[in-house]
Amino acid sequence: MEQKISVNMREIREAYQKEIEKHYEKNKVSALAVTEYLEHSSAAYHGRCVQTLHIPKILTEEAAAYFDEIVTTTYGILEKVIREYLKNPEYRKCFPFSRKLEELILVPNLYDSLLPIARFDLFFNEDDWSFQFCEINSDGTSAMNEDYVLNMALDRNSAHQSMKKKYTFRTFELYDSWVRTFLELYGTYEKRKEHPYIAIVDFLEHGSVTEFEEFQRRFRNAGYECEICEITRMRYDNGVLYSPQGRPVDVVYRRAVTSDVMAAYFEVQPFLQAVKEQAVCVIGSFCTQIVHNKWLFKILREEPTLSLLEEREQKFVLEHVPYTNLLDSRFCRMEHLLEAKDRWIIKPLDAYGSRGVFAGVDYSDSQWEQLVEEHFNRGYIYQEYHHPYRTPNIYLAGDDAAFRLYGNLSGLFVYNGSFAGVYSRLSDGGIISSQYNEKAVATLVAVSEK
């Protein structure tokens, strides 16, 4: 891909910093108002609330267009991988899926998409526009609500209100655009009904319920009945999947991630039986697991996957997908990871929310050795660690508020192959994760200078 260089993002960020430093007390008060707003918003659920820094992520139109290019190329590659898996029994052997999961993956979804929704998380360098992928999310792609609420909170951010006098900003709309995409895909479903009953399905004890409620409102605004469903309370009878309220379900917006479904395999048999018998349309069918699993990065960089790709796609993969392999004695020596700890990060093969992720840069030699030994031969991958691009920002709501450098992670929302928006997260540690010290910020695009 053509390399482009922009200084505007840096200039805008520096303008925010100068504004904060010039009017520090005023911005401190506004940051506390932002925090109070967030703590009483739909971004607070399951006992936690998103925390934010005072400078939002500001993209230029050129950067947004570049993200669009990245999405288009990546999506095309992932489609090829999914199609090959579905049609080629030999290729399936490259993946670590159980027979039960493979059976679910191979159920035809009967509509015109293999990957309806995803979020491509990547480390983007704002100086030279280089980037490295962190992971691909398909099952349960989330955080639309965090971006929405964080943008609403900017009304209380004094520095941002000052910047609005100089710049014109636009935001990404992630709710109605997904509802439109969802309904368009259902319109291609072979067994579609004119007025389908929609179910948003997850394990509600750890799902983003407030986000589901907003999607429910948007589906209803579009003229469709919609119910938020606990997956373990659904019933299947005589070829019909019923919601917990006893309503026949025509189409599912699946938010239950595959690893959770498989862990509760026997508790969710009514739902799975409906899937196997193609009695319900599932937007986000189980074939998305092919690219959601962290084994994907290993498969992408090796044969036979590379032979599926055009030369430009091969180059794209080798440049932007980090080296990944299984953390066990078949694929590596433990000493290899211990000799250069800062080069590596280890992750569970199939988890989400950055649970159980450890980066060598965050630990001493002895701590890292203990972590590697503890997770060796236990379903973990090891991966080349990419040092995130760091930008100065400030957590004004904290007691020790000061500008410090934060690593950046950009999550590119993808709706049926189209770039839809960005979820921006930052951390001053080695890992950017809600399990550690992650902060999220609103994402905007600077359209013009007034």
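The values are calculated or read from the model by the stated rules, or taken from the named source; none is laboratory data. What you are looking at is a predicted structure, and each value in this text was computed from that prediction instead of being measured. Neighbour counts run over all protein chains shown; Cβ positions are idealised from the backbone, glycine included.
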Sort out which residues of region 71-118 are surrounded by 15 or more Cβ atoms within 10 Å (Cβ to Cβ), of a type in the set (Asp, Glu) and more than 20 Å from Arg254 (Cα to Cα), and write them in order of number.
Glu84
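Just checking, how many residues over region 166-193 are assigned to a loop (DSSP other than H, G, I, E, B) and either at pLDDT below 95 or under 21 Å from the mean Cα position of the chain (by Cα) (or both)? Even if it seems obvious, please write down each step before you answer.
So in region 166-193, the residues assigned to a loop (DSSP other than H, G, I, E, B) come out as 166, 172-175, 187-193.
Now restrict to residues that are either at pLDDT below 95 or under 21 Å from the mean Cα position of the chain (by Cα) (or both): 166, 172-175.
Final tally of qualifying residues: 5.
Within region 14-30, identify whether any single residue is part of a helix (DSSP H, G or I), at pLDDT 95 or above and either closer than 28 Å to Ser418 by Cβ or in contact with a Leu (Cβ under 7 Å, 6 or more places away or on another chain) (or both), and answer yes or no. Give the steps one after another, and end with the answer.
Taking region 14-30 as the starting set, the residues that turn out to be part of a helix (DSSP H, G or I) are 14-22, 24-30.
Imposing the further condition that a residue be at pLDDT 95 or above reduces the set to 14-22, 24-30.
Now drop any that are not either closer than 28 Å to Ser418 by Cβ or in contact with a Leu (Cβ under 7 Å, 6 or more places away or on another chain) (or both), which leaves 27-28.
Yes, region 14-30 contains a residue that is part of a helix (DSSP H, G or I), at pLDDT 95 or above and either closer than 28 Å to Ser418 by Cβ or in contact with a Leu (Cβ under 7 Å, 6 or more places away or on another chain) (or both).
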Selection count where residues are surrounded by fewer than 19 Cβ atoms within 10 Å (Cβ to Cβ), among the hydroxyl-bearing types (Ser, Thr, Tyr) and part of a loop (DSSP other than H, G, I, E, B), scope region 35-68:
1
With the condition kept exactly as written, say whether any residue in region 2-23 is on the phi < 0 side of the Ramachandran plot, among the polar types (S, T, N, Q) and buried (at least 20 other Cβ atoms within 10 Å of the Cβ).
no
Of Tyr265, Tyr236, Tyr197, which residue is touching a Lys or Arg at 6+ places or on another chain (Cβ under 7 Å) and over 20 Å from Tyr111 (Cβ atoms)?
Tyr265
Only unsatisfied item for Asp176, checking (1) in contact with a helix residue (DSSP H, G or I) (Cβ under 9 Å, 6 or more places away or on another chain); (2) under 30 Å from Ile299 (Cα atoms), is (2)
For residues that are over 10 Å from Tyr382 (Cβ atoms) and not in a helix (DSSP H, G or I), tally how many sit in region 323-337.
3
Could you say which residue among Val240, Val257, Val317 is hydrophobic (A, V, I, L, M, F, W, C), surrounded by 16 or more Cβ atoms within 10 Å (Cβ to Cβ), touching a helix residue (DSSP H, G or I) at 6+ places or on another chain (Cβ under 9 Å) and assigned by TED's automatic domain parsing to the domain that holds Ser98?
Val257
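Do any strands (runs of 3 or more DSSP E) lying entirely in region 338-450 carry at least 3 residues that are in contact (Cβ under 8 Å) with a residue 60 or more places away in the chain and within 30 Å of Val29 (Cβ to Cβ), and which ones are they? Full working, then the answer.
Working: elements: 344-348, 380-384, 390-393, 404-415, 418-427, 439-441, 443-449.
Because the criterion is at least 3 residues that are in contact (Cβ under 8 Å) with a residue 60 or more places away in the chain and within 30 Å of Val29 (Cβ to Cβ), the strands (runs of 3 or more DSSP E) in region 338-450 that meet it are 390-393, 404-415, 418-427, 439-441, 443-449.
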Over region 53-91, the set of residues within 18 Å of the chain's Cα centre (by Cα) and within 24 Å of Leu405 (Cα to Cα) is Lys57, Ala64, Phe67
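Do we find that Thr141 is β-branched (Val, Ile, Thr), part of a loop (DSSP other than H, G, I, E, B) and surrounded by fewer than 22 Cβ atoms within 10 Å (Cβ to Cβ) in this structure? Working first, answer last.
Working: β-branched (Val, Ile, Thr): yes; part of a loop (DSSP other than H, G, I, E, B): yes; surrounded by fewer than 22 Cβ atoms within 10 Å (Cβ to Cβ): no.
Criteria not met by Thr141.
Output the residues belonging to region 69-113 that are part of a helix (DSSP H, G or I), hydroxyl-bearing (Ser, Thr, Tyr) and in contact with a helix residue (DSSP H, G or I) (Cβ under 9 Å, 6 or more places away or on another chain). Explain how you work it out, then say what you get.
From region 69-113, those part of a helix (DSSP H, G or I) are 69-87, 89-92, 99-105; that's our starting set.
From the residues that got through so far, the ones that are hydroxyl-bearing (Ser, Thr, Tyr) too are 72-75, 85, 91.
Scanning region 69-113 gives Thr73, Thr74, Tyr85, Tyr91.
So which of Phe131, Phe172, Phe123 ends up being under 26 Å from Gly76 (Cα atoms), in contact with a Pro (Cβ under 8 Å, 6 or more places away or on another chain) and in contact (Cβ under 8 Å) with a residue 24 or more places away in the chain?
On the way: Phe131 fails: in contact with a Pro (Cβ under 8 Å, 6 or more places away or on another chain); Phe172 fails: in contact with a Pro (Cβ under 8 Å, 6 or more places away or on another chain).
None of the other options fit; the residue is Phe123.
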